[in-house]
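**Q** Following this message is one structure expressed as structure tokens.
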Amino acid sequence: MTLPISSSAPGNLKILAVETSGTQGSLALTEAPNQDQVWSLAKVHQVLWTKKAAHSEIITVKLKELLQSAGLSLSEVTHL
């Protein structure tokens, strides 16, 4: 399930996934042509880290790194 964070974004869906439930955290960003083709994703960018303390100490830095590698800005992300 994806949650839209912008109702007026045209073009491809840009989906950000966040995992911070364990000691390893990850962020993934992918694009889908439309809601019907979310499961046929072609391009995925991902960053991983291992942190014994709070993920909040590093997640902002890793999100910036992920967006730069994908060539996107946070305002272009359409779903979380």
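**Q** Write out, first by first residue and then by second, each pair whose Cβ atoms fall under 7 Å of each other, whose residues are 6+ apart or on separate chains, and whose first residue, in the range 50-69, is of a type in the set (Ser, Thr, Tyr) while the second is open to solvent by 90 Å² or more (accessible area, probe 1.4 Å) and not in a loop (DSSP other than H, G, I, E, B).
**A** Partner pairs satisfying both residue conditions: 50/24.
**Q** Would you check if residue 25 is at pLDDT 90 or above, more than 11 Å from the chain's Cα centre (by Cα) and surrounded by 10 or more Cβ atoms within 10 Å (Cβ to Cβ)?
**A** So residue 25 passes the test.
**Q** Just name the residue that is modelled with the lowest pLDDT out of those in the range 28-59 that are under 14 Å from the mean Cα position of the chain (by Cα) and of a type in the set (S, T, N, Q).
**A** So, considering only residues that are under 14 Å from the mean Cα position of the chain (by Cα) and of a type in the set (S, T, N, Q), the one modelled with the lowest pLDDT is 30.
The values are calculated or read from the model by the stated rules, or taken from the named source; none is laboratory data. Not measured: the values here are computed from a predicted model. As a convention, Cβ positions derive from the backbone with ideal geometry for all residues, glycine included, and neighbour counts pool all protein chains shown. Heads up: the accessible areas ignore ligands, DNA and RNA and are worked out on the full protein's heavy atoms, side chains in. Shrake-Rupley method; radii C 1.70, N 1.55, O 1.52, S 1.80 Å.
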